[in-house]
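Derivation of every value follows stated rules applied to the coordinates shown; laboratory data play no part. Predicted, not measured: the structure shown is a model, and the values here were computed from it. Glycine also receives a Cβ, built like all others from the backbone with ideal geometry; neighbour counts cover every protein chain displayed.
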Amino acid sequence: MNRDTNRDGATLSEDAKQSDALPGPDDQVSERSLHHIVIVGHVDHGKSSLIGRLLHDTNSLPPGKVEELEQISARRGMEIEWSFVLDAFQAERDQAVTIDTTQIWFKTALRDYVIIDAPGHREFLKNMVSGAASADAAVMVVDAEEGVREQSRRHAYLLHLLGVRQIAVVVNKMDLVDFSQARFDEVSGQITDYLRSIGAEPLVIVPISARGGDNIASRSERTPWYDGPTVISALDGFHGHPGIGAQPLRLPIQDVYKFDARRILAGRIESGSLTVDDTLLFSPSNKTARIRSIEAWSAGDLPQTASAGESVGITLDEQLFVERGELVSHVEKPPKLSTVFNARLFWLGHRPLKVGARYKLKLLTQEAEVTVKAIERIIDTQTLENAEGDLVERNAVAEVTLHSRKVLSLDDYGDLPRTGRFVLIEDYDTVGGGVISMEGLPDQRQAITVKSTNVISVEHRLAAEARASRNGHYGGVLWFTGLSGAGKSTLAMEVEQRLFAKGYHVYVLDGDNVRRGLNANLGFSPEDRTENIRRVGEAAALFADSGIICITAFISPYRVDRDRARASAPGRFHEIYIEADVETCEQRDPKGLYKKARAGEISQFTGISAPYEPPESADLVVDTSNHSVAESVEHIIRYIEKAFTLKKSDG
């Protein structure tokens, strides 16, 4: 059997492609839905056999294929082996193990399906992850004789991790236990208990014999005690992503094509729908435009709408420069923009994951380098116990914090599973897969959105040199950043007093004075905190422009926020890292905040339950863990006198 490899590296059965053209009982129906189903389970529990039997019982095998299987099986001295429909590689036949994910197209009376056969062997878990990541629902195969095994639990956890919520279980090889209802009930209880322990629920559990065809397409006489659906009925009972048509629009741009005068933006709609004349938002570029047309290859009138699951091309009412990786939404319900996100990750790499390691992130059509900022906890998929650690070994699950240098378009997988999944790549190899959580993290879109229009810039008549000459020093921003308790405010006030005594024009901005006035309308949500820092950065830049040395004392945990503040005062911004480790800050704890954070009274507290991104190239580092306040102040004063004081040639 020949296999074609698609763009994502999965394989597609040539015979299965042909079966898609077979007539079905509802070929007259104008519109049929396409569902992606992943088949998972422990090695040797019969996944490939189940799929082979499904193809046979739905008349999806090409003519002569059954006879070919009988001949192959006979040469090996066995009954007809349905798994040979899929296991095309000789290595797979000899070892009786599925190595690659295989996509098979077939039809039932109600629907079109793509079934993904995911390998069960532990060595090929990354293939299973890549298969499950694109599935709408899953069928888990459990051997009636062996029961729930390690890989059964691991696969179940992975399905839950990847956001697959529709799970049907088939208890296979019932013929080996004489179709015992007692054994079926025992195995059903095992898998149900485990699924419920991870927050999942089996939609149905079906007793089957894939080899004998029991309860595959029709009810078996050998299970008179079972009155539930067959496997085919269970598949037809799955729905697509719940409410996918009503979900917010998400269209990842896969490519941009030029035909005559048109620039056609192409991609697959993952959720929601779009209509000609809709106003679209492109993320992370934050550009907007209206849909001029929805293009189609077929003759006739161009479509006016398109919805989830369709691959489309659109043209815009203006020639925006957008490229692969942009995520299209409506303006009203966009994804979040951020350089940092939390993730629940399944690790597949041969080398352990560790803090500081860098990987390539693939999220829809976006690609970016990400760094592991923190490993929050490691989860045992067998016992579901949490543990702390500095390394995540192969086949382990962990909750981590990832940071990207560039802004990413992100959805929480709990809201939009299709766009909340990602994979990590190292040396061209998939080493991890997981789901995104944005809980407690700010949407940085507001901070990069310019809302003012029709504003005409009027230049000051006083040059910066004139102000510096009058003041005796240059203006600028001293941006103190560091953990709570590192000593930012203490040092800022001491430095202000010392500079004032020396004749400098200086002022401190900190949480106390900006929250009373400038930012009195802001709360402490992640978005408000980002806006708080944005406003402080703009205000500090105005102080610097007026010739004043403005000292700011804010945690400002994200580099992107500090970079934005730097951009507001180009050439006059000085990042001062007030460095102290969490242990030192926690011992000081001047406001009792760490104690409250440890007790769970403060959520998303920087350094405890929320990340802090230290400067990578600060203009000055002041280590308050090992130096006194006086020593630290002296260090800062020397820096200021060197960087801000006028030289004789300047005067």
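Calculate the tail of P(r) for region 530-591: the fraction of all Cα-Cα distances greater than 15 Å, expressed in %.
Details: 1014 of 1891 pairs.
I get 54 percent for the Cα pairs in region 530-591 exceeding 15 Å.
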- Query: So if R0 is 41 Å, what FRET efficiency would residue 518 and residue 390 give, r being the distance between their Cβ atoms, rounded to the nearest 0.05?
  - Reply: 0.50
- Note on the structure: Quick numbers on region 135-180, Rg and Dmax over C-alpha atoms in Å, give 11.9, 36
- Message: What number results when the radius of gyration of region 227-337, computed over Cα atoms, is divided by 2.2 N^0.38 Å?
- Response: 1.24
- Query: How do the peptides 625-631, 503-509 rank, highest first, by the average count of neighbouring beta carbon atoms within 10 Å per residue?
  - Reply: 503-509, 625-631
- Note on the structure: In region 275-405, taking the dipole from +1 charges on Lys and Arg beta carbons and -1 charges on Asp and Glu beta carbons about the Cα centre, the listed residue (296, 327, 368) farthest towards the positive end is 368
- Note on the structure: Expected sort for 385-395, 401-411 on mean C-beta neighbours within 10 Å, highest first, is 401-411, 385-395
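Using just the alpha carbons, could you tell me how many Å³ per residue the convex hull of region 389-544 encloses?
Working: hull volume 35.6 nm³, N = 156.
So the per-residue Cα hull volume is 228 Å³.
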- Task: Would you mind pulling out the separation of the Cα centroids of region 170-209 and region 512-545, in Å?
- Result: 57
- Given R₀ = 30 Å, FRET efficiency for residue 621-residue 405 by Cβ-Cβ distance, to 0.05? 0.90
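Taking the Cα centre as origin and putting +1 on Lys and Arg beta-carbons and -1 on Asp and Glu beta-carbons, what dipole magnitude results for region 557-597, to the nearest 20 debye?
Values: 9 positive and 8 negative charges, 57 e Å.
So the dipole magnitude of region 557-597 works out to roughly 280 debye.
Starting from the Cα-Cα distance between residue 277 and residue 581, subtract it from 0.36 nm times their residue separation and give me the gain in nm to one decimal.
Values: separation 304, 0.36 × 304 = 109.44 nm, distance 5.36 nm.
Stretched fully, the residue 277-residue 581 segment lengthens by 104.1 nm.
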- Query: Which three extents, in whole angstrom, do the alpha-carbon atoms of region 502-651 cover along their principal axes, largest first?
  - Reply: 58, 37, 27
- Query: Given 0.36 nm per residue, what is the gain on full extension from residue 175 to residue 493 after removing their alpha carbon distance, in nm?
  - Reply: 106.5 nm
